[in-house]
1. Among 33, 111, 19, which one shows the biggest mean-square fluctuation in a GNM of the chain, springs joining Cα atoms closer than 10 Å?
2. What number, in percent, do you get for the relative contact order of the chain if the mean sequence gap of Cα pairs under 8 Å and at least 6 apart is divided by its residue count?
3. Working out 0.36 nm times the residue gap between residue 25 and residue 10, then minus their Cα-Cα distance, what length gain in nm do you get to one decimal?
4. Would you look at the GNM of the chain, springs on alpha carbons closer than 10 Å, and say which of 23, 50, 67 moves the most?
5. Evaluate Rg over Rh across the chain, taking Cα atoms for both radii and Kirkwood's formula for Rh.
6. Residue 81 versus residue 106, label points 7 Å from Cα toward the beta carbon: distance in nm?
7. Using just the C-alpha positions of the stretch 1-53 as equal point scatterers, what log10 of I(q)/I(0) does the Debye formula give at each q in 0.13, 0.29, 0.31 1/Å?
8. When the chain is modelled as a GNM with alpha-carbon springs shorter than 10 Å, which of 102, 85, 29 fluctuates the most?
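Bear in mind these aren't lab numbers, they're just calculated from the coordinates by the rules spelled out. Worth saying up front: this structure is predicted, and the values here are computed from it rather than measured. No Cβ is skipped: glycine too gets one built from the backbone with ideal geometry, and neighbour counts run over all protein chains shown.
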């Protein structure tokens, strides 16, 4: 059973996990009709398959090093760096180290990409 999403106005922690990163899992922190925040945890050398979302989205590296791979090139993000992707941009993520990434999706009635945008596991208070 999935944990409930946070509600609007709830305080959500996205601070670095440090040593706890090794045991952490990816979660959907909050989802409304218009926005979804995903806390993705990737292991070193793990790749997320290529995909796209309909609207703009942000990819914010919280800790570690992750590469954003696009047909036009690769952007390497380190802790504290983010990038805004244009809508429809095909991309994948490739972890160079164990890392945590905050992804912000803009949704259309709860949908990020004509059927995408759902989260399977969620957190309410940011604790692990």
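1. 19
2. 36 percent
3. Values: separation 15, 0.36 × 15 = 5.40 nm, distance 2.07 nm.
Going from the current span to full extension adds 3.3 nm.
4. Looking only at 23, 50, 67, the largest GNM fluctuation is found for 23.
5. 0.94
6. Distance between the two pseudo-spin positions: 2.4 nm.
7. Computed log10 I(q)/I(0) values: -0.42, -1.26, -1.30.
8. Looking only at 102, 85, 29, the largest GNM fluctuation is found for 85.
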